[in-house]
1. Quick one: buried accessible area between A and B, total over both chains, 1.4 angstrom probe, nearest 100 Å²?
2. Counting only GluC sites (Glu not before Pro) that are in a DSSP loop and have at most 14 other C-beta atoms within 10 Å, tell me the longest site-free stretch of chain B.
3. In Å and from the alpha-carbon atoms only, list the Rg and Dmax of chain B.
4. Give me Rg over Rh for the stretch B:94-229, both radii from the alpha carbons and Rh done the Kirkwood way, two decimal places.
5. In whole Å, largest first, what are the principal axis extents of the Cα atoms in the stretch B:135-314?
6. How high is the relative contact order of the stretch B:1-82? Use alpha-carbon pairs under 8 Å, at least six apart in sequence, and give a whole percent.
7. Taking the C-alpha atoms of the stretch A:1-55, how large are the radius of gyration and the largest Cα-Cα span, Dmax, in Å?
8. Once the stretch B:126-178 is represented by equal point scatterers at the alpha-carbon sites, with solvent omitted, what log10 I(q)/I(0) does the Debye formula produce at q = 0.20, 0.27 Å⁻¹?
Amino acid sequence: MTWTDLAVRLLLFLGLFFYAAGTIGLLRFPDAASRLHALTKADNVGLGFVALAAALQWGSVAVAAKIAAVWLFAILAAGTSAQLMARMAKQEDRDGS
Amino acid sequence: MTSAFELILCLMILGTACVALFMRDFLAAVAFFVVFGNLMGLAWLTLGAVNVALAEIAIGAGVTGVLLVLSRSRLLALGEEISCGPAKPWLRLGAAAACSVFTAVLAAAVLSIAPDDGLAPVIDGLMPLIGVENPVTGVLLAFRAYDTLLESFVLLGALVAIWSLAAPAAWPRAPAALRMTDPAALNVAGSFGRLLLPVALVMAAYLVWVGSDDPGGAFQGGTVLAGGFLFAAMGGAIGLPRSDNSALRWSLVAGPLVFLAIGLAGAALGRFLAYPEGTAKALIVTIEYSLALSIGVTLALLVAGPPATTETGL
């Protein structure tokens, strides 16, 4: 096993760890805001590690740049939908109380 | 390792399909349907069918998901109750029987295709003649161009059918606005839509261009374009056009029209939809770009719905 293989595995493991943390947070946290907090922060870090692992595995700058673009758009989409959901949840709280 | 991955993927596809069907909550069912579509895309990817995977994720999961969520909010706005009571036993049995027979016929048809049906070598031999390297594009736009030409007309026909549902007073106004009504939400969606639309334009142009040699093409590019239009419309960055807008009409018919014109020109030179030697790639790329524009605009308008008198948003 080369150093690259080792690094890819380590990065994948780190990515899965953060994904698992985000999922546990989603399932265990009590309200919308803290659930979104777990999802948006932990999952995006997890995706970052998986993307790094994939880029390293391919070992080409062009592919790495495309993977970086995918990661960037995933973060943008996740951030936008989290903002939308958080604002809706906040409004429902206000309407409910 | 690979078969374990495929087995888990199959179980997840069946599981999400079941949850989407049996979920009573409409929104949750749609969420599972979108997950199902993405997993199906992954399955096509493991089969090596990247073109189908792209189309499945973009159209099957993406645009259809938006369409379903939009239908829900429009029905809610009309004051309709979205719920389904328990179905009658004979209806359930009938549906189960019909679906089982259909599945059996489909499985028999798929399994009857030999893994080596002798088509691939034939196409590989013909590919150098048309100058594109993606065999899927070769089949769609050269060897079976009839099918694709008719598909582009079917898509146009679907939009005409939806427009024909417009109330007489609403014609030819714009469809009901997709703009979000909540100001705070509109603010977020607006920034996202303004950022996404130009990126979607570039991405669509790229997908059509690489479609000649790598996975991609007019349908994939057109769907990305439609996604960009829809997000921009939801964020209020762009409005929806009136149905008698001439620029809109031209962009709707551009794809089928260019395709048909090139096909007829081929007929004048010899055979319908036959490309003169040496010009195949240039003509295919021309057709693909005009098709992508038409597909993008048509898909976005299919989701937006018929012209309406009301100015309601989401």
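The values are calculated or read from the model by the stated rules, or taken from the named source; none is laboratory data. Note that this is a predicted model, so its numbers are computed, not measured. Because the Cβ atoms are built from the backbone with ideal geometry, glycine has one as well, and the counts that use them run over all protein chains shown. Note: accessible area is taken over every heavy atom of the protein model, side chains too, but ligands, DNA and RNA are not part of it. Shrake-Rupley method; radii C 1.70, N 1.55, O 1.52, S 1.80 Å.
1. 800
2. Values: sites that count: B:Glu80, B:Glu81, B:Glu133, B:Glu277, B:Glu311.
With GluC sites (Glu not before Pro) excluded where exposed in loops, chain B gives B:134-276 as its longest stretch.
3. Reported Rg and Dmax, both Å: 21.7, 62.
4. On the Cα set of the stretch B:94-229, Rg over Rh gives 1.10.
5. 57, 36, 21
6. Result for the stretch B:1-82 is 25 percent.
7. 13.1, 45
8. -0.74, -1.00
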